[in-house]
Amino acid sequence: MSRETDFEALRTKLRAHCAYLADPDILKQLEWFETQDFDHVVLKEDVDRFIEDGAPRNNPPQPARLAGIFRLSHRHHFFMRACSSWRPNPFSVDRPFAEIRPSAFTEDPGIPELEGDYSMGWENLAELSREWYRSRNLDEARVTESHGAIDWKKPRPSPAEGFKIGRRVFEKRTPESLGRFQDHGPRFRIENWPVEFPEAQAELNKIKSTHIAHPIPAYYPAPENNLIPPDRYWDDLRGAIVRLEFHLNHWFIRGRHVFTADIVRMKVLVPPKLPPSSPVRLGGTPIGDDFPGESRRSARQQAASSSTYANVPHPNAQAGPSNRTDATRGTKKNPVKTESVKRQVASSNTYANVPQPTSQAGPSNRTDATRGTKKTPVKTESAKRQAASSSTNTNVPHDQPNRYPQASPCPLNNTNATRGAKKTPVRTESEEETPTTSKGLRRWFRKGC
């Protein structure tokens, strides 16, 4: 049998034996019935039969079994633990431990064959809550003051918020309660009821002799009547898709109207597929090709980008910034001076004291390590040619022949190896004879001409 046929057949079965909450005309079959302690939703035909029989006090209409297929919440509002995560709260009026009510919110199960059923069921439940006020000749708008199944405190309650279901698990020992008690084994008895906190354990010890425990009637998919133990509620119900049957009741508690959806029977249809509660420890970084393009580079490219080979000269390499890594920081580097390195000295302060007649002065790249230190520029012949064309030397005639060879621009690059080192300017013969001020230049040109 296919998965689609299973859900469709189950919905047909629920409609035959219960009041399927998502049916469009279900509200015509239901009404509120008042009892001595609380009110509950019943079938209208049961009320008619009750009236025809003379309204016997010992045989009132039984609550209607509202049913549907839902998913139990797994991210928020899941308190369906055996002890409902109870702890005393000194800042609010707490529910006594003996009255705890494990609960959870429902969600849309996301089954295509049941599309639209969850929204319709939620709307019918909200309308039943309003109907209680109308049946008492009260303003139905006051439903927003109520508590319980639907959170009316939201600005706009909607099916996306879900509705809350739950059930009390402890009851006082009386002849009536003992007559309803079913012993499912030591795991389900109040003496072995699981709790989370020491405060809850102390309260449990107080009521062991005065109360009995009624486990939530929640069952595994197979075999039949396989009751879920109290210590498995969190792991086996959180996020599960279930077939749910419940009663809708109204209580007046401490001056508040409270609507409760009390679980009658619940069976897991699709177990939750959630990770374990405790996260798995992460292992170390795997050894492998984390960057697929890395291994396809040539050995020369890898050496150029790794500081492990920073001292190996590359004759045809372009001058660039120094690549230093954590493995090489703090180690003293002895550069190997080859012919290609000598051609790159204009871009490195490592060889700032070596004169380069064909080098053009470029902008100095200063870093955090060298800011604030006094630098003495090294003036080359190309720098004098630039000075002649600057605004500082506006009185110098520009019809003189170019006496200085051309040089390709090359910026000055400070590296980690040379930052902070004291620079000693080296003057060439032409620099010692060539003046740098405007007046000196005029005298020098007159002398030359």
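Of all the listed residues (37, 53, 25), the sole one being within 30 Å of residue 193 (Cβ to Cβ) and of a type in the set (D, E, K, R) is 37. Residue-level analysis places residue 53 among those that are modelled with pLDDT under 90 and either within 25 Å of residue 29 (Cβ to Cβ) or of a type in the set (Val, Ile, Thr) (or both).
Right, residue 111: touching a strand residue (DSSP E or B) at 6+ places or on another chain (Cβ under 8 Å) and buried (at least 20 other Cβ atoms within 10 Å of the Cβ) or not? Working first, answer last.
Numbers: touching a strand residue (DSSP E or B) at 6+ places or on another chain (Cβ under 8 Å): yes; buried (at least 20 other Cβ atoms within 10 Å of the Cβ): no.
Spelling it out, it is not the case that residue 111 is touching a strand residue (DSSP E or B) at 6+ places or on another chain (Cβ under 8 Å) and buried (at least 20 other Cβ atoms within 10 Å of the Cβ).
For region 161-173, state whether one or more residues are under 23 Å from residue 6 (Cα atoms) and assigned to a strand (DSSP E or B). The answer is no; no qualifying residue exists.
When region 205-227 is filtered for residues that are touching a residue at least 12 places away in the same chain (Cβ under 8 Å), within 21 Å of residue 65 (Cα to Cα) and in a loop (DSSP other than H, G, I, E, B), the ones remaining, listed by number, are 214, 215, 216, 217, 220, 221.
Let's see how each residue does on (1) touching a residue at least 24 places away in the same chain (Cβ under 8 Å); (2) surrounded by fewer than 17 Cβ atoms within 10 Å (Cβ to Cβ); (3) assigned to a helix (DSSP H, G or I):
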{"site": "123", "(1), (2), (3)": "yes, yes, yes"}
{"site": "126", "(1), (2), (3)": "yes, no, yes"}
{"site": "131", "(1), (2), (3)": "yes, no, yes"}
{"site": "134", "(1), (2), (3)": "no, yes, yes"}
{"site": "141", "(1), (2), (3)": "no, yes, yes"}
{"site": "151", "(1), (2), (3)": "no, yes, no"}
{"site": "154", "(1), (2), (3)": "no, yes, no"}
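Considering only residues that are of a type outside the set (Gly, Ala, Ser) and part of a helix (DSSP H, G or I), look in region 85-121 and name the one that is farthest from residue 23 (Cα to Cα). Walk me through how you get there before you give the answer.
In the first step, residues of region 85-121 are kept if they are of a type outside the set (Gly, Ala, Ser); the result is 86-91, 93-97, 99-102, 105-109, 111-115, 117-118, 120.
So of that shortlist, the ones also part of a helix (DSSP H, G or I) come out as 97, 99, 112-114, 117-118, 120.
Details: 97: 38, 99: 34, 112: 17, 113: 14, 114: 12, 117: 8, 118: 10, 120: 7 Å.
Ranking the candidates gives 97 first.
The single residue among 212, 165, 216 that is among the aliphatic types (A, V, I, L, M), assigned by TED's automatic domain parsing to the domain that holds residue 238 and more than 19 Å from residue 237 (Cα to Cα) turns out to be 212.
Would you call residue 79 at pLDDT 85 or above and either within 33 Å of the chain's Cα centre (by Cα) or among the charged types (D, E, K, R) (or both)? Before the answer, list the steps.
Details: at pLDDT 85 or above: yes; either within 33 Å of the chain's Cα centre (by Cα) or among the charged types (D, E, K, R) (or both): yes.
Yes; evaluated as a whole, the condition is true for this residue.
The values are calculated or read from the model by the stated rules, or taken from the named source; none is laboratory data. What you see is a predicted model, and the numbers here were worked out from it, not measured in a lab. Methodologically, a virtual Cβ is constructed for each residue, glycine included, from the backbone with ideal geometry; neighbour enumeration extends over all protein chains shown.
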